[in-house]
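K.L.:
One structure, pasted below without further comment.
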Amino acid sequence: MQRLNVIPYPNSVEFTEGTVEKEFLANNTKLTVTPGSMGDEAYRLEITPEGAAVFAATEKGAFYAAKTLEQLLDGDTVPCCVIEDEPAFSYRGFMIDTVRHIVSLEDTKKLIDAAAGVKMNAMHWHLSDDQGWRVQIDKRPLLSEKASVRKASMFGREREQEEYGGFFTKEELKEIVEYAKQRYIEVIPEIDVPGHTTAVLHAYPELGCTGKEVEVAVKQGIYPTVLCAGNDEALALVYDVVDELVEIFPSPYFHIGGDEVPKTAWAACEKCRARKKENGLKSDDELQTWFSNKVAQHLKEKGKTAVVWNDTIKGGTVDGATVQFWMKGKKRTAKYANEGGRVIVSDFFAYYTDYNYAITPLKKTYNYNPFIKGIKSEGKINIAGVETPTWTEYITNFERYCYLAFPRCTAVAETGWTLPENKDEEDFERRFEIYRKRLENLGITPAQKDEWAVPFLKRFTQAKLY
Ligand SMILES: [Zn+2]
């Protein structure tokens with residue numbers, strides 16, 4: 001069967017007679033934008049011996065048509081055809097953890113270009129964690145002064161005795177937002193609360209349950225140093241951060257984390273116990289949900305919708321929030337979608353590209369079905385889409401980042417755009433080898449084909465995270 005050399009594969013392709021020379025086609029393209037004529041992200045592309053004609057309802061749709069045409073022009077000739085295309089999912093994202101190791105602005109832009117090239121439309125920016133704080137907040141200067149620096153980096157085999165740190169200024173954040181916007185990618189910031197806050201507590205120890213001084217974490221892991229949910233001052237800090245960041249990030253979404261929150265400190269804390277009592281909360285899980293609801297409510301007043309990791313809804317629903325599914329709680333997340341809640345799927349086992357290829361071969365990523373078990377037909381519409389996170393504990397340089405993220409990130413982009421009936425794993429691998437050059441031109445070197453899977457016997461020796 002004839003297939004175009006395009007990633008993500010278009011959803012409707014009708015081949016007609018003949019081919020057109022690349023040079024001729026590049027100089028003979030026409031664009032017609034008619035508002036309302038089709039979906040915002042849809043386009044129609046007609047390739048005939050007379051040239052290429054693009055139809056879209058928006059500039060965004062036209063941009064996606066251009067991205068398809070760009071890849072078609074990588075060949076010497078282009079087959080005549082009519083492409084009618086629109087995405088399977090409205091949310092197609094990737095996540096950069098710029099905390100454990102900082103991904104520079106320059107490299108971030110490369111990743112944005114790579115994402116835009118395969119019609120992704122969201123960049124989730126993980127900006128705070130136990131191991132550092134990465135944004136300037138004027139009202140809370142200690143965050144960038146103290147919380148952004150750790151004394152060493154001791155991530156598994158990746159050990160560095162030197163001090164490590166840094167943060168992005170507001171101007172730098174804006175630069176990325178603008179760069180992404182020009183490529184129809186919205187940037188969603190994440191400030192992870194109430195857990196993963198060791199760095200915050202290094203700057204403001206009084207916001208933890210014990211008030212004890214603590215160092216910014218130097219290792220990977222889950223830390224008991226969480227914000228005190230019974231302390232209004234802890235919420236006040238989060239509100240201050242939100243207030244400054246919503247001015248920079250125009251996205252209607254704002255990620256407030258909520259993953260991996262150990263409750264040991266809360267259980268022993270008088271303020272937390274009092275909070276539970278006064279609000280009739282029966283468990284610490286409910287207390288976490290209460291906390292996230294407060295932040296979500298604050299965001300709502302700013303016209304924003306909160307995004308939370310799925311751990312957060314263990315203790316109840318966060319009003320109006322989008323839930324990002326990553327691990328456990330699949331049933332609960334499916335129920336959330338079935339009852340009308342918006343869900344983004346980032347199953348760690350398939351979509352975390354920091355896992356090596358022995359754990360997560362390309363095949364597993366490519367064939368993952370975002371309609372998680374338990375989703376009923378009425379819930380499918382609430383699966384907004386897919387996102388591939390890249391956590392950087394064990395990624396100390398951009399070469400390693402690219403080796404792990406590509407081609408798996410590209411595979412997730414195809415799942416986000418292409419309907420299952422139009423996907424084809426073998427053909428994706430074939431197309432990727434042609435597309436590879438585009439990534440290399442951006443300064444991104446993907447893993448080689450023989451690295452996309454690890455042979456059965458070797459898997460057991462290489463199936464480690466680092
Ligand atoms: Zn407390």
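K.L.:
Counting only heavy atoms of the protein chains, get the accessible area per residue of segment 338-424 (1.4 Å probe) and round it to a whole Å² value.
P.N.:
Solvent-accessible surface per residue comes out at 34 Å².
K.L.:
Hey, with R₀ at 41 Å, roughly what FRET efficiency would GLU286 and THR169 work out to, going by the Cβ-Cβ distance, to 0.05?
P.N.:
It comes to 0.60.
K.L.:
Also, quick follow-up: Sorting check: for 253-266, 137-150, which peptide has the highest mean count of neighbouring beta carbons within 10 Å, and how do the rest follow?
P.N.:
In decreasing order of mean packing, 253-266, 137-150 become 253-266, 137-150.
K.L.:
Quickly rank 224-235, 401-412 as a protection proxy: mean count of other C-beta atoms within 10 Å, highest first.
P.N.:
The most tightly packed comes first, giving 401-412, 224-235.
K.L.:
Rg and Dmax in Å for the chain, alpha carbons only: what are they?
P.N.:
23.0, 77
K.L.:
Sticking with this one: Within the set of other residues whose C-beta is less than 13 Å from the C-beta of VAL218, count the net charge using Lys and Arg as +1 and Asp and Glu as -1.
P.N.:
After counting each charged neighbour, the total is -3.
K.L.:
For the charge dipole of segment 91-462, defined by +1 on Lys and Arg C-beta atoms and -1 on Asp and Glu C-beta atoms about the Cα centroid, which residue among ASN369, ALA203, TYR357 has the Cα displaced farthest towards the positive pole?
P.N.:
Most positive-ward Cα: ASN369.
K.L.:
Summing +1 for each Lys or Arg and -1 for each Asp or Glu, what net charge is found among the other residues whose Cβ lies under 13 Å from the Cβ of ASP138?
P.N.:
-3
K.L.:
Under a 1.4 angstrom probe, counting protein chains only, how are TYR239, TYR184 ranked by accessible area, largest first?
P.N.:
TYR184, TYR239
K.L.:
Kirkwood hydrodynamic radius of segment 130-208 from all distinct Cα pairs, in Å?
P.N.:
That comes to 14.0 Å for segment 130-208.
K.L.:
How high is the FRET efficiency from THR264 to ASP243, r the C-beta distance, R0 51 Å, rounded to 0.05?
P.N.:
0.95
K.L.:
Name the residue farthest towards the positive end of the dipole of the chain from the options VAL103, ALA26, THR322, assuming +1 on Cβ of Lys and Arg, -1 on Cβ of Asp and Glu, about the Cα centre.
P.N.:
Of VAL103, ALA26, THR322, it is THR322.
K.L.:
Could you tell me the convex hull volume per residue, in Å³, taken over the Cα atoms of segment 198-342?
P.N.:
Per-residue hull volume (Cα only) is 119 Å³.
K.L.:
Still on this model: Under the rule a/c < 1.5 gives rounded, and otherwise a/b versus b/c splits prolate from oblate, where does segment 344-442 land using the Cα gyration tensor?
P.N.:
oblate
K.L.:
Under a 5 Å amide H to amide H cut-off, with H placed in plane at 1.01 Å, what residues pair with VAL193 once short-range neighbours are removed?
P.N.:
Placed amide hydrogens put GLY257, GLY258 under 5 Å from VAL193.
K.L.:
Report the local net charge at GLU190: Lys and Arg +1, Asp and Glu -1, summed over other residues whose C-beta lies under 11 Å from its C-beta.
P.N.:
Once all neighbours under 11 Å are counted, the net charge is -3.
K.L.:
Between ALA453 and GLU215, what FRET efficiency comes out of the Förster formula 1/(1 + (r/R0)^6) with R0 = 30 Å and r the beta carbon distance, rounded to 0.05?
P.N.:
0.15
K.L.:
Can you tell me the accessible area per residue over segment 43-186, all protein chains present, probe 1.4 angstrom, in square angstrom?
P.N.:
Here the residues of segment 43-186 average 36 Å² of exposed surface.
K.L.:
So, how do all the Cα-to-Cα distances of segment 13-85 break down into 5 Å bins, in percent, from 0 on up?
P.N.:
4, 19, 30, 25, 15, 7, 1
K.L.:
OK, next. Just to be sure I understand the curve: with the Debye formula and one point per C-alpha of segment 263-322, what is log10 I(q)/I(0) at q = 0.16, 0.18, 0.23 Å⁻¹?
P.N.:
Per q value, in the given order, log10 I(q)/I(0) is -0.50, -0.62, -0.89.
K.L.:
Rank-order 452-458, 290-296, 164-170 by packing density, defined as the average count of other C-beta atoms within 10 Å over each peptide's residues, highest first.
P.N.:
Taking the mean over residues of other Cβ atoms within 10 Å, the ranking is 290-296, 164-170, 452-458.
K.L.:
Let me ask another. Please get the size of the charge dipole for the chain, origin at its Cα centre, with Cβ charges of +1 on Lys and Arg and -1 on Asp and Glu, quoted in debye to the nearest 20.
P.N.:
Charge dipole, the chain, about its Cα centre: 1560 debye, nearest 20.
K.L.:
Roughly how many percent of the accessible protein surface of the chain is carbon and sulfur, given a 1.4 Å probe and a whole-percent answer?
P.N.:
50
K.L.:
To the nearest 10 square angstrom, how much accessible area does LYS376 have with a 1.4 angstrom probe?
P.N.:
Counting only protein heavy atoms, the figure is 110 Å².
K.L.:
Mind putting a number on the dipole of segment 13-85 about its Cα centre? Charges go on the C-beta only, +1 for Lys and Arg and -1 for Asp and Glu, and I need it in Debye to the nearest 20.
P.N.:
For this selection, approximately 200 debye.
K.L.:
Through the Karplus equation 6.51 cos²θ - 1.76 cosθ + 1.60, θ set to phi - 60°, convert the phi angles of segment 122-136 into ³J(HN,Hα) values in whole Hz; use x for Gly and Pro.
P.N.:
9, 10, 8, 10, 7, 10, 8, 6, 4, 8, x, 10, 10, 10, 6
K.L.:
Just flag the trypsin sites (Lys or Arg not before Pro) in segment 37-99 sitting in loop per DSSP whose Cβ has no more than 14 other Cβ atoms within 10 Å.
P.N.:
Qualifying residues, ordered by number: none.
K.L.:
Show that you can apply the helix-only estimate: for the chain, add -39,500 (n - 2.57) for every DSSP H stretch of four or more residues, divide by all residues, and state [θ] at 222 nm to the nearest 500.
P.N.:
Taking each H run of at least 4 residues, the total per residue is -10000 deg cm²/dmol.
K.L.:
Could you give the nm distance between label points at MET1 and THR396, where each point is 7 Å from its Cα heading toward the beta carbon?
P.N.:
Rounded to a tenth, the inter-label distance reads 4.6 nm.
The values are calculated or read from the model by the stated rules, or taken from the named source; none is laboratory data. As the structure is a computational prediction, the values presented were derived from the model and not from experiment. With ideal geometry, Cβ positions are generated from the backbone for all residues, glycine too; neighbour counts draw on all protein chains shown. With ligands, DNA and RNA removed, areas are computed over all heavy atoms of the protein, side chains included. Shrake-Rupley method; radii C 1.70, N 1.55, O 1.52, S 1.80 Å.
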